[in-house]
Amino acid sequence: MSVVIPGLGQLYKGYFLWAVFWFVTVTGLYALFGWFVLILIPLLMHIICIVQAYVLPRKTE
């Protein structure tokens, strides 16, 4: 889910603060660096977000 919208995978698994952090961080970086040569920075952060959403256990509360 985080592939489509950064932080959505964390939100699905119950990590609201991580979801907000990743959404704000990745979308902000895309906004800042998306049109420049530095597109690798937001892409790397987006990949880290996706991997974290994959490995986080789902909250059972």
So for the chain, averaging the separation of alpha carbon pairs under 8 Å that are six or more residues apart and normalising by length, what relative contact order in percent results? 40 percent
Under 15 Å, Cβ to Cβ, from residue 9 - net charge with Lys/Arg +1 and Asp/Glu -1: +3
Per DSSP H run of n ≥ 4, the term is -39500 (n - 2.57); total these for the chain, divide by its residue number, and report the mean residue ellipticity at 222 nm rounded to 500 deg cm²/dmol. -20500 deg cm²/dmol
Of the trypsin sites (Lys or Arg not before Pro) in the chain, which ones lie in a loop per DSSP and count no more than 11 other C-beta atoms within 10 Å? 58, 59
Using DSSP loop states and a limit of at most 14 other Cβ atoms within 10 Å to flag chymotrypsin sites (Phe, Trp or Tyr not before Pro), what is the longest stretch of the chain containing no flagged site? 1-34
Per-residue SASA entry for residue 44, accessible area with 1.4 Å probe, Å² rounded to 10: 100 Å²
Working with all protein chains in place, sort 25, 60 by solvent-accessible area computed with a 1.4 Å probe, largest first. 60, 25
When the Karplus curve 6.51 cos²θ - 1.76 cosθ + 1.60 is applied with θ = phi - 60°, which whole-Hz ³J(HN,Hα) does each residue of segment 42-57 get, with x for Gly and Pro? x, 5, 5, 5, 5, 5, 4, 4, 5, 5, 4, 4, 6, 8, 5, x
Starting from a Cα-only point model with no solvent, please compute log10 I(q)/I(0) by Debye for segment 1-45 at q = 0.18, 0.32 1/Å. -0.49, -1.04
Which distance in nm do the two modelled labels at residue 3 and residue 47 give, with both placed 7 Å along the Cα-to-Cβ direction? 1.5 nm
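The values are calculated or read from the model by the stated rules, or taken from the named source; none is laboratory data. Not measured: the values here are computed from a predicted model. Glycine also receives a Cβ, built like all others from the backbone with ideal geometry; neighbour counts cover every protein chain displayed. Side chains are part of the model used for accessible areas, which takes the heavy atoms of the whole protein and leaves out ligands, DNA and RNA. Shrake-Rupley method; radii C 1.70, N 1.55, O 1.52, S 1.80 Å.
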